[in-house]
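In what follows, a structure is listed as structure tokens, so that the remarks can point back to it.
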Amino acid sequence: MLKGRHLIDPSDFSRAEFRELFDLAHQIVKNPESFYKSCEGKILATLFYEPSTRTRFSFEAAMLRLGGSIIGFSEPNSSSVAKGESIADTIRTIECYADIAVMRHPKEGAPRVASQWLTSMPLINAGDGGHQHPTQTLTDILTVELLKGSVENKVYGFCGDLKFGRTVHSFIKFLSNYEGIKLILISPEELRVPEYIREEIIKKNNIECVEVDKMEPYMQEIDFLYMTRVQRERFFNEEDYIRLKDRFILDKEKMKYAGAGTYILHPLPRVNEISIEVDQDPRAQYFQQAKNGMYVRMALILKLLGIY
Amino acid sequence: MLQITSIEKGIVIDHIPAGFGIKLFHYLKLDKAEYTVALINNAYSDKMVRKDIIKINNEIDLDVDFLGLINPDITINVIENGKIVKKVKLKVPEKVTNVIQCKNPRCVTSIENYADHIFHLVDPEKRSYRCEYCDDIVIPYSI
């Protein structure tokens, strides 16, 4: 039962609960029109303390397509946050007006703190600093299932900024509940996954994993290559960003190393880590992935509100 | 041998690694105590060869999570009528609240100062802990 629950981290839901959610998402993909009035009279609050295009728009589009309404802010200066209001006070106020809320925040753990002050309104983490982004993982997993049927027994390559890449952390955490997963982590030494992901998720769950700094030798065996952007906003030092930002660029030449069934995913936005020429390749699935994000968020809203 | 009078009612913190008694003394703010407190350095120990001991001639609330965090081998004896009535064996705590602070500048606790600093044990041997909010792993100060 997901009614009234928060989704702050992929470990908040069991495998069976995720299954329930994805089954609904698949129904929505097949026939979105039949869900269009499901949330009439319901309000979604979007609290974006950090810029966002896909996540905010897809949540808003999801709620609007479900027949609900939206309130919120897209940058904190247009709310009482600019006056120094605490997260606890903001979220308690929002609970007075909305049925469900989505929060993005630059500080890691901010949605967890917010959830501790709520009495009944479900809260969704839409990205907290370089930490977690569980609804991007929902998007990624729905895309995986639509392309290859299931999550298990696959090779997943993650490339780029694996240290601050919150989408990568949530994706790996989610995969740790499934069998037959192999991870190929491609990044410069400085941008490898954080210790808690390596020790608490990968090692504790005995997931087969290699950490490398070249993508070409591994591309043939990868089912899903998850490219990520080196995020300027996560660096305290501009020089480090400049040194690392162009380290991995996926272009037409490199795609020759990929297998016929190697799909390319990206949480977007991209800067230059995937050349535009790759977009024409049928294995490039990142824009379809963005569309899937709306469908799976529709399913999440319906489940947390207890409508389905 | 130097003799320290036994206490009638209070607490004896035993098996402190030699040389760390003074640090613990200050951590527990015993230098500000208004009751009798004795710090014994380099006492003979069968198990440790040398150890420090703190004797507190008063009933006080000790933070056993804090003591277990810094060294689970420390023992606490509760004294009544000059006799040990209870031995408290410390263990590395599974969860600590407001004992250690998260040092990750990206953690929400760096700006929302009402949020408790909560840590969960990751590895009892390394005594490493994970922040409830940002998952940063820390190895707290130990003696």
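The values are calculated or read from the model by the stated rules, or taken from the named source; none is laboratory data. For clarity, every value in this text was computed on a predicted model and none was experimentally measured. Reconstructed Cβ throughout: ideal geometry from the backbone, glycine too, with neighbour counts over all protein chains shown.
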Exercise. Restricting attention to helices (runs of 4 or more DSSP H) lying wholly within region A:78-191, give those where 2 or more residues are within 11 Å of another protein chain (Cβ to nearest Cβ) and either under 20 Å from A:GLU20 (Cβ atoms) or at pLDDT 95 or above (or both).
Key: A:87-97, A:110-115, A:166-175
Quiz prompt | Lone qualifier among A:GLY127, A:GLY157 - being in contact with a His (Cβ under 9 Å, 6 or more places away or on another chain) and buried (at least 20 other Cβ atoms within 10 Å of the Cβ) | solution = A:GLY127
Quiz item: Tell me, which residue of region B:118-133 that is closer than 15 Å to A:ALA110 by Cβ and either away from every other protein chain (no Cβ under 12 Å) or touching a Cys at 6+ places or on another chain (Cβ under 7 Å) (or both) is surrounded by the most Cβ atoms within 10 Å (Cβ to Cβ)?
Solution: B:TYR133
Quiz item: Going by the conditions given, is B:ILE79 in contact (Cβ under 8 Å) with a residue 24 or more places away in the chain, away from every other protein chain (no Cβ under 11 Å), outside any loop (DSSP other than H, G, I, E, B) and farther than 30 Å from A:HIS169 by Cα?
Solution: yes
Quiz item: Looking at B:ASN77, B:ASN113, B:ASN57, B:ASN71, which one is at pLDDT below 95, touching a strand residue (DSSP E or B) at 6+ places or on another chain (Cβ under 8 Å), within 30 Å of A:GLY109 (Cα to Cα) and of a type in the set (S, T, N, Q)?
Solution: B:ASN71
Exercise. Could you grab me the full set of residues in region B:94-116 that are away from chain A (no Cβ under 11 Å) and either touching a helix residue (DSSP H, G or I) at 6+ places or on another chain (Cβ under 6 Å) or not in a loop (DSSP other than H, G, I, E, B) (or both)?
Key: B:LYS95, B:VAL96, B:THR97, B:VAL99
Practice problem: Assess whether B:LYS91 counts as being in a loop (DSSP other than H, G, I, E, B) and in contact with a Pro (Cβ under 6 Å, 6 or more places away or on another chain). | Solution: yes
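Mind listing just one residue for me: the one in region A:202-231 that is assigned to a loop (DSSP other than H, G, I, E, B) and among the acidic types (Asp, Glu) and, of those, modelled with the highest pLDDT?
Restricting to residues being assigned to a loop (DSSP other than H, G, I, E, B) and among the acidic types (Asp, Glu), the top hit is A:ASP223.
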Self-check item: Filter result for A:GLU277 (at pLDDT below 95, outside the structural domain of A:ARG56 (by TED's automatic domain parsing) and touching an Asp or Glu at 6+ places or on another chain (Cβ under 9 Å))
Solution: no
Quiz item: Do we have A:MET63 as outside any helix (DSSP H, G or I), in contact with a helix residue (DSSP H, G or I) (Cβ under 7 Å, 6 or more places away or on another chain) and buried (at least 20 other Cβ atoms within 10 Å of the Cβ) here?
Solution: no
Quiz prompt | Failed item in (1) within 14 Å of another protein chain (Cβ to nearest Cβ); (2) touching a strand residue (DSSP E or B) at 6+ places or on another chain (Cβ under 8 Å); (3) surrounded by fewer than 16 Cβ atoms within 10 Å (Cβ to Cβ), with B:ILE84 passing the rest | solution = (1)
